[in-house]
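Structure, as structure tokens:
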Ligand SMILES: Cc1cc2nc3c(=O)[nH]c(=O)nc-3n(C[C@H](O)[C@H](O)[C@H](O)COP(=O)(O)O)c2cc1C
Ligand code: SF4
Ligand code: SF4
Ligand code: SF4
Ligand code: FES
């Protein structure tokens, strides 16, 4: 423990750990000292001077925010001189402050307002003309700046320096003319820009999305969790008159530490989109027409029953998504298994068996080296990117990037291993080889076998296979082994497909060699882990139990149902079966396989009956026979399990629009229409997610004992047991090639894309780039393609028309096409289950 | 009196290395490298009692001894920003005796175990910067800079860096941020530059004149040096005198010399009856003529008189000068130079200027005088760096000594003179 220091503040004895500032020592006993430039997550600055206090035996006043306590200090925070000074600082600020309070979005939560109320002058002595500066101009498409309101605390600039490491704002001019602005001609487009709004103490930086949408004191504040990615940032939903007005970051040191990315913060206007489906739709005469819930559910019930009766339960299936809550996912699989009587249940983007959650955020933040394998935290898990940037920037944490594409984090100069797609296993084996050959591995490991397995991967040969220079490989190995706290993170696609398991094995070997935590998967969806824990997969029951007889019997008893014993089909197999006419009906919850699966649209078109529950008429819903209007994450209760395995609570903040219902409720209602109770009903027949969680806690071992009460606002980590950690052989199989299609397709998400929710979020959607294919200058030259040329990217299966973006961000021999930017599904280029998709690019 | 600091000024081509060497230059360096261990030089300068000539008067040898043991690299920065109005003594040294400065820097760097030194020169000193650059090049050529200086095994790089024009870049932490390529903003202390300065490494910052004194101390010894000046203000000092005197200029005198000796015997006497004297640069409180007769030019005497020795810039203000106009102009300077980092200085200097401007333009109110004083009180000791305090001297001291003139200005809406 740190030594303690005792001092006196305002005649009270205060004992705090050495190194504490006077400010925090005072705070610890409830003595308030106002601060403007100080922000607890930024380095002390000492600029505003509002925190000046008196300390005996020190000349003049001292800033409480920068002065560290010493034994026997005697501090006075409310002496006449201190109060006079505090008032003076506020008076100084007010001399040129516009006092826009009645129209300022910060009104009611503005530090300047509150401080003047408590300590400020009541009269103005200032009779000169106020200074005028720029008002209400767009600092970016998302942020409005008012220079007159700015108190020049520099929090925004310091945050961009110390956290986002996007130096896009700074002071300009000097003295009274000083202003914070972007650099001439340069954008403020950091995806972490919105945090500056939260930390600005006044209304100088305000949100375009929230602008004039409410007075802060009218807002009801509902704690929730961001539903966009796997980080699971804690947020507050600010609601007025049943409308979501604003999202802001909520403090949770174990997750996002109060920070958000701009997607999570600003992209919520889809909730109010006029395109929301607000009533059930039923296909009549070939067209989807509004219908009542009774009509729609009766139709679904009748058709599903018919098909099950005629073709057997194997002919129906359910597809969910990892964007729904645990409660909805649990009910969905239970519905499919007990009411439809099949294990044909899965979800889009399922993580492969063997993938493991990230270690806690704390471990990620404290790592001294991070290997990012086939993952891009900026696009896929932004707040983790924020943490990594801070660590790299301020602590010198090394970031090793293994990716055919240059990602932002390569800027920290950790080696960038730009491998050829399909050669991941060789690359990882090569790393193991170097570590073993140079004797860099952790002592005490029995490495003889591994040595044998990787003996054929010396750096030179690995260079031939992967195109990663031998020296870069060696450097990566050295960086990894020099680290005390290395963390290995991989993208889900790395461990999918035919080489996925070998990749996982090779990653595990590497982690074992260097004594690191189990490699963790950068799960992309808000509930990727949860839906697996809930058994939303053909081969898993809740709690990730395998479908064996014993478990089946036990669960059957609990669920009072005869559970199917036949193995179920996964998503790929279901869609193939649909193409072959063997699967006749699908029930899809919040997934869009028509866009997101290589054979999605063809397969769905073949179905006899398709039910979709979702917020919007997605490409998939447009093919449906019945569409059921579902609630957004803000309109329902529930829980998500984030990428580090933390279960967190979402609170319903809005009453659903019109006839919209929460996903879970729709399932419960349908089950009831089909003559079966699937739990979670209360006497008034209200769907109760809380009751569902109680049931989950009884059947899914890792969730044992969890309840909404115990989760609180901060959530609880659950641990699903991992495999045994030992070395294993990872076989590298060179990917097949195709001379007609010489380029390897690399795909990936962009943070701002045309996925259904984001694309319907008014202001944010302007930021979505035009669809493009990124091609290396060397390849572009051979193909005589120039930047911005219209090109066709084609594979043996399909083709896409795109614009070329010529850039060495992508390695030669590859092209990068982002997912979810076009109207055409990018995945249609790929053969389901192929290790590498080969394409060619031609000029149109 | 024999000249030391100014001994080469006025000698034809004094800025050329051969002239400098011909007049005994670089001898002290040879002596320092041969006869002294670095620590012995630190002790020597400490014994000499040499105080910083940049304004604050902090003993140079004491500052050097604050360098943390065993932490390298260390840097030495010569502060040639010379921004305080009325101050032009460093300029004379730089332009006429650049090698004297370079020699001082090399010896001081050796004493502080520095291998890279910088001269941060204000942007406006274009001529001076060119002279320095040329002199530095010559010193490299002759082996006084670079590797293995005079065969001693000691290496030193010296870089001349031009500022972009801001008074606050003369403040040591502002200077360092500017030198690092950042916006010139003062930084939080602690850490003090001696422990974490340039590039977060131990750094010594001294004024041009401070460093210029060092070779003489090496050459003649600490006792010799202490023979000049008073007990607490030992040594030689350059005074730059301007304003209403017949021969404004830079004069070398031992500290403790009577103010009237400087004005009458060196500066040719006042050109008008003296109304007031600003004794140490524009920020130092002005003094009424009646104290001048007995005033001596040393740190203690000026403090006792309610002002400061500052940079040694004596500004003589003659009768016929409007004090309100003078103070308004100085207030404008300080508000213009306020860097904007802290609220009291940024907002306060603006407010002070606006009130002074109103009074000067016949829009004053009697209560403005108390308001000015209260604003000064609200800035005093509360700003982030001493610039805020520097802005107050002219205002508080002028109200103290010339309140009547303010009142006249306010009531009559015009100048008294
Ligand atoms: C606003 C401000 C401006 C300053 N300008 C200068 C300057 O131009 N030259 C200088 O030598 N010191 C200047 N100083 C003093 C320096 O901060 C520092 O004390 C000095 O360079 C130390 O050198 P010395 O100990 O040799 O005097 C200034 C200080 C302040 C607060
Ligand atoms: S914009 Fe806000 S956070 Fe940035 S300096 Fe101004 S007041 Fe501070
Ligand atoms: S990082 Fe992910 S969870 Fe956090 S705000 Fe952004 S999208 Fe939401
Ligand atoms: S007192 Fe404050 S505003 Fe003035 S120059 Fe110093 S730091 Fe800048
Ligand atoms: S809060 Fe302490 S100086 Fe600004």
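Taking the stretch B:359-371 on its own, how many of its residues are more than 7 Å from chain A (Cβ to nearest Cβ) and either within 24 Å of residue A:85 (Cα to Cα) or in contact with a helix residue (DSSP H, G or I) (Cβ under 7 Å, 6 or more places away or on another chain) (or both)?
Number satisfying all stated conditions: 9.
Count, please, the residues in the stretch A:27-37 that happen to be under 27 Å from residue A:196 (Cβ atoms) and more than 16 Å from ligand 4 (Cβ to nearest atom).
Final tally of qualifying residues: 5.
How about the stretch A:169-221: which strands (runs of 3 or more DSSP E) wholly inside it have at least 2 residues that are within 14 Å of another protein chain (Cβ to nearest Cβ)?
The strands (runs of 3 or more DSSP E) meeting that bar are A:169-172, A:179-182.
Out of the residues in the stretch A:568-592 that are touching a helix residue (DSSP H, G or I) at 6+ places or on another chain (Cβ under 6 Å) and under 19 Å from residue A:666 (Cβ atoms), which is surrounded by the most Cβ atoms within 10 Å (Cβ to Cβ)?
A:589
Name the single residue that is nearest to ligand 1 (Cβ to nearest atom) among those in the stretch B:375-397 being more than 17 Å from residue A:81 (Cα to Cα) and not in a helix (DSSP H, G or I).
Here the residue is B:386.
Across the stretch A:139-156, which residue is nearest to the other protein chains (Cβ to nearest Cβ) among those that are outside any loop (DSSP other than H, G, I, E, B) and in contact with a helix residue (DSSP H, G or I) (Cβ under 9 Å, 6 or more places away or on another chain)?
It comes out as A:155.
Evaluate the following for residue B:320: is it in contact (Cβ under 8 Å) with a residue 12 or more places away in the chain, assigned to a loop (DSSP other than H, G, I, E, B), touching a helix residue (DSSP H, G or I) at 6+ places or on another chain (Cβ under 8 Å) and more than 16 Å from ligand 5 (Cβ to nearest atom)?
Spelling it out, it is not the case that residue B:320 is in contact (Cβ under 8 Å) with a residue 12 or more places away in the chain, assigned to a loop (DSSP other than H, G, I, E, B), touching a helix residue (DSSP H, G or I) at 6+ places or on another chain (Cβ under 8 Å) and more than 16 Å from ligand 5 (Cβ to nearest atom).
Can you give me the number of residues within the stretch B:142-186 that are farther than 13 Å from residue B:106 by Cβ and not in a loop (DSSP other than H, G, I, E, B)?
The qualifying residues number 17.
Given the structure, is residue B:237 away from ligand 3 (no atom under 16 Å from the Cβ), within 14 Å of chain A (Cβ to nearest Cβ) and either in contact (Cβ under 8 Å) with a residue 60 or more places away in the chain or under 30 Å from residue A:48 (Cα atoms) (or both)?
no
Would you please name the residue that is nearest to ligand 2 (Cβ to nearest atom), looking only at residues in the stretch B:175-205 that are within 11 Å of chain A (Cβ to nearest Cβ) and under 17 Å from residue B:388 (Cα atoms)?
Checking each candidate, the answer is B:185.
Select from the stretch B:275-295 the residues that are without any contact (Cβ under 8 Å) to a residue 60 or more places away in the chain and under 24 Å from residue B:50 (Cα atoms) and write down the one among them that is surrounded by the fewest Cβ atoms within 10 Å (Cβ to Cβ).
B:295
So which residues in the stretch A:778-795 are farther than 18 Å from residue A:823 by Cα and exposed (fewer than 15 other Cβ atoms within 10 Å of the Cβ)?
Across the stretch A:778-795, the qualifying residues are A:778, A:781, A:782, A:784, A:786, A:787, A:788.
Of these, A:255, A:300, which one is crowded, with 16+ Cβ neighbours inside 10 Å and more than 16 Å from ligand 3 (Cβ to nearest atom)?
Just one listed residue meets the conditions, A:300.
Out of all the residues in the stretch A:304-323, which are buried (at least 19 other Cβ atoms within 10 Å of the Cβ) and outside any loop (DSSP other than H, G, I, E, B)?
Selection gives A:304, A:307, A:308, A:313, A:314, A:315, A:316, A:317, A:318, A:319, A:320, A:321.
Filter the stretch A:737-758 down to residues that are in contact with a helix residue (DSSP H, G or I) (Cβ under 8 Å, 6 or more places away or on another chain), under 22 Å from residue A:402 (Cα atoms) and in a loop (DSSP other than H, G, I, E, B), then give me how many there are.
Selection size over the stretch A:737-758: 3.
Could you tell me which numbered condition residue A:88 fails, if it satisfies all but one of (1) within 15 Å of ligand 2 (Cβ to nearest atom); (2) under 25 Å from residue B:335 (Cα atoms)?
If we test residue A:88 against (1) within 15 Å of ligand 2 (Cβ to nearest atom); (2) under 25 Å from residue B:335 (Cα atoms), just (1) comes out false.
Return the residues of the stretch B:323-344 that are part of a helix (DSSP H, G or I), under 19 Å from residue B:165 (Cα atoms) and at the interface with chain A (Cβ under 8 Å from one of its Cβ atoms); say none if nothing qualifies.
Within the stretch B:323-344, B:335, B:336, B:337 qualify.
Which pairs have Cβ atoms under 9 Å, sit 6 or more apart or on different chains, and link a residue in the stretch A:43-68 that is within 8 Å of chain B (Cβ to nearest Cβ) and more than 21 Å from residue A:115 (Cβ to Cβ) to one that is buried (at least 20 other Cβ atoms within 10 Å of the Cβ) and at pLDDT 95 or above?
A:60/A:52; A:60/B:382
Is at least one residue of the stretch B:362-374 within 16 Å of ligand 2 (Cβ to nearest atom), part of a loop (DSSP other than H, G, I, E, B), modelled with pLDDT of 95 or more and at positive phi?
Scanning the stretch B:362-374 turns up no residue that is within 16 Å of ligand 2 (Cβ to nearest atom), part of a loop (DSSP other than H, G, I, E, B), modelled with pLDDT of 95 or more and at positive phi.
The values are calculated or read from the model by the stated rules, or taken from the named source; none is laboratory data. On a predicted model such as this, the values are computed, not experimentally measured, just so you know. Because the Cβ atoms are built from the backbone with ideal geometry, glycine has one as well, and the counts that use them run over all protein chains shown.
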